[in-house]
Structures are given as structure tokens and as C-alpha cells.
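Participant: Mind looking over this structure? Questions follow.
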Amino acid sequence: MASLIESTPVGFYGKLPIIGDFVSRRLPEEFITPWDSWLQSAIAASREALGEEWLSRFLTSPIWRFLLSPGVCGERAVAGIVMPSVDRVGRYFPLTVAVVFEQSPPLPLVLATGNAWFEQLEDVALTGLEGNLDLQAFDQLIQGIPVFSMSVHSSPAPQSFTEKKAFYIAMEHCGQTADAFVELNAQLLINFMPGYSLWRNAGSEHVGSALLAYEGLPPIGEFAEFLYAKKKLKHRLTAPRPLYQLSASNFNAIMASVNSPQLPELENPILMRGIAGENDTLIEPLWRSWAITDTGKRRKVNEDALLNKPEMGLWVVADGMGGHKAGDVASQLIVNTLNDLLPTEPIENYVGVVEQSLQKVNTQLRQLAAQ
């Protein structure tokens with residue numbers, strides 16, 4: 001059965017040339033607060049990365065269309081655009097034009113079918129940047145943009161983890177196959193990367209057109225590439241090197257004990273760090289782990305950052321240390337830097353590389369604080 005999903009009226013937040021401070025209309029605080037915190041941190045990190053080139057790169061950066069699934073910035077899904085802007089006294093900060101959804105639609109389908117609607121957001125936002133309208137006139141143009149609405153077919157939820165997964169996408173006819181695959185992408189993202197964001201741009205002089213998907217919001221350390229990418233913005237998937245070597249007999253013992261509450265008894269466990277022989281098999285470590293952090297009761301912004309990479313043998317908690325300025329920038333920079341590391345052997349060398357990376361981050365933060 002098809003159902004109609006509509007957004008709230010279009011709102012905006014950020015800077016405009018006609019106003020000397022931040023301005024917002026019709027966007028909820030539950031979205032604005034985390035969104036503003038992320039933008040502030042991302043801009044600070046991009047200033048550090050681009051140095052004297054930052055302003056020119058910021059002003060020539062493309063308009064980014066974005067979609068946020070529920071839980072990324074508030075409890076509801078969000079769709080909109082973000083673009084470079086400035087206020088009346090010359091302070092630079094992006095302008096965001098967006099809507100929220102009471103009922104979340106398949107976000108990839110919004111991006112795939114909503115081109116005309118996104119173009120209206122972009123056209124009105126660009127008109128506002130010309131500085132020829134007062135705030136009321138600009139807001140009237142914003143209110144003239146229709147809400148986003150789409151008809152979607154309700155699909156049964158996928159089977160539980162105890163069974164093989166299956167997804168059902170309803171179609172009225174075979175001509176809807178392309179849209180069905182977009183809906184399938186949406187279900188896959190929801191199930192395998194909950195709390196995600198999608199980003200797309202049409203390209204600019206220094207940033208190639210791209211479609212990006214992130215778990216949560218993009219890392220603040222990557223925001224500079226949203227403004228200026230020397231190469232096409234892309235993420236490399238690197239197969240990690242195995243961290244351990246395990247004999248075939250020990251491997252079989254572990255696999256046989258997966259459904260047993262008892263730990264396996266290994267023979268010659270030293271082989272886990274030994275040199276592979278004819279009877280040894282290289283495997284990745286059999287670790288699974290989860291991590292979560294919370295803002296708590298005192299802070300308004302969660303300044304902590306986590307890195308959970310069992311495949312690399314790396315677990316990181318970067319405490320934002322309340323009371324320090326831009327603690328979220330510091331902790332996120334630590335996590336982003338360590339996330340780029342590849343494991344090295346022996347373990348002592350790996351520890352040394354981590355220590356050097358932390359010293360580098362410390363130097364960068366001192367330089368940032370001195371500006």
C-alpha cells in the first residue's frame with residue numbers, strides 16, 4: 001500500500017549578507033544545536049588544514065545537498081542544502097536551507113527523485129546571497145518553496161538476524177525497478193549503517209561531483225575536502241593486514257567452540273604470534289566490539305570521540321575534558337588521525353606510530369589555539 005510522506009515547511013539557519021548575526025526560521029532546535037556544533041568544529045578544522053587559502057576555498061566551494069537519517073541531528077530525518085555565506089559584518093559561515101520529516105522517507109529515493117525541489121532551495125539561497133533582499137522578502141521566497149512530498153510503498157521489515165536476511169520492495173509494474181533498487185539501498189543503509197548521512201554536489205572548480213555516505217555526520221577532519229579537494233573526493237577501502245597468525249588446529253578449535261560457553265583449549269598458543277609454517281593459517285583476529293558515548297547532564301555538546309577498530313587491534317577513547325575550548329575539535333582530530341593508521345609489526349612499532357601521531361595532533365592543536 002502506498003502512503004504519502006510530507007516534510008515540514010522549508011526553513012533556514014546560518015548567515016546572510018543582510019543580517020549581522022545568525023538567523024533561523026522554522027527549523028527545530030533539536031536539529032540546529034548538533035548541526036551548528038558540527039559546522040563550527042568542521043570549519044575550525046578546515047581553517048587549520050587550508051591555512052591562508054581557506055577563505056578563497058570556502059567561497060568557491062560547491063553547494064552540498066544532504067540528507068540525515070533520524071538520530072543524526074535530532075530524532076527526525078532532515079533534507080536540505082548547505083552553502084558558503086557571510087553576514088553583514090564579514091563573518092563567514094554556511095547557510096543551511098532544509099526541512100525535517102515527521103515520518104522518514106527512503107532518503108536515497110529523496111535524493112534520486114528530488115532534483116527539481118533541491119534546485120528550488122539552491123536558487124532561493126543564491127538569491128539571498130546577492131544581498132538585495134531584506135530578511136522578510138528572503139523568508140517569503142523560502143516559504144514559497146513547496147514542502148517535499150512523495151508517495152512510498154510500505155515494505156515488510158527484513159527478517160531477524162537469526163535467519164537469512166531478505167528485503168521486499170513492492171512495485172506496481174516492472175518499470176519501477178530502478179526506483180525499487182533505490183528503496184533497497186535505503187533499507188540496506190538503515191539495517192547495516194543506521195544513523196547515516198548522504199551528501200551530493202554538482203561539482204565546482206576545485207571539488208569534483210560526488211555522492212558520499214557516512215555513518216553519522218562527516219568527520220570534521222574531512223570537511224576541508226568538501227571545500228577544496230586536490231584530487232577527486234573519495235574514500236579508499238584498504239584491506240587490513242592480518243594481525244595474528246594461528247595454527248590450523250587452533251583455528252579449528254576456536255571455530256568449533258563458537259556456540260559453546262567454554263573457551264577452547266589451544267595447543268601451542270605461542271603460534272598466535274609465531275611465524276607461519278606449512279600447517280599455519282593467517283586469519284584476522286576474532287574480535288567484536290561496540291562503543292557509544294553520551295553528552296551527559298552538564299555539557300551541551302558531546303566533546304568525546306570514539307574509535308572502534310577491532311580489525312586493526314585499535315580502541316580509542318578521546319575525552320573532550322569539559323571546560324576546555326573546542327574540546328570536540330581536539331578529540332575528533334585524535335580519532336581521525338588514528339583512524340588513518342595501518343597496523344605494523346611488531347606491536348612495539350605499532351605503539352610507536354600511535355605515539356608519534358598523538359604528538360603530531362598535540363602540535364596541531366597548539367598551533368590552532370595560538371591563532
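Participant: Just checking, which of ALA213, ALA170, ALA186 is closer than 19 Å to PRO105 by Cα, assigned by TED's automatic domain parsing to the domain that holds LEU39, at pLDDT below 80 and touching a strand residue (DSSP E or B) at 6+ places or on another chain (Cβ under 6 Å)?
Facilitator: None of the other options fit; the residue is ALA170.
Participant: If you go through region 54-63 one residue at a time, how many are in contact (Cβ under 8 Å) with a residue 40 or more places away in the chain and farther than 20 Å from VAL329 by Cα?
Facilitator: 5
The values are calculated or read from the model by the stated rules, or taken from the named source; none is laboratory data. Note that this is a predicted model, so its numbers are computed, not measured. Ideal geometry is used to build each Cβ from the backbone, glycine not excepted, and the neighbour counts take in all protein chains shown.
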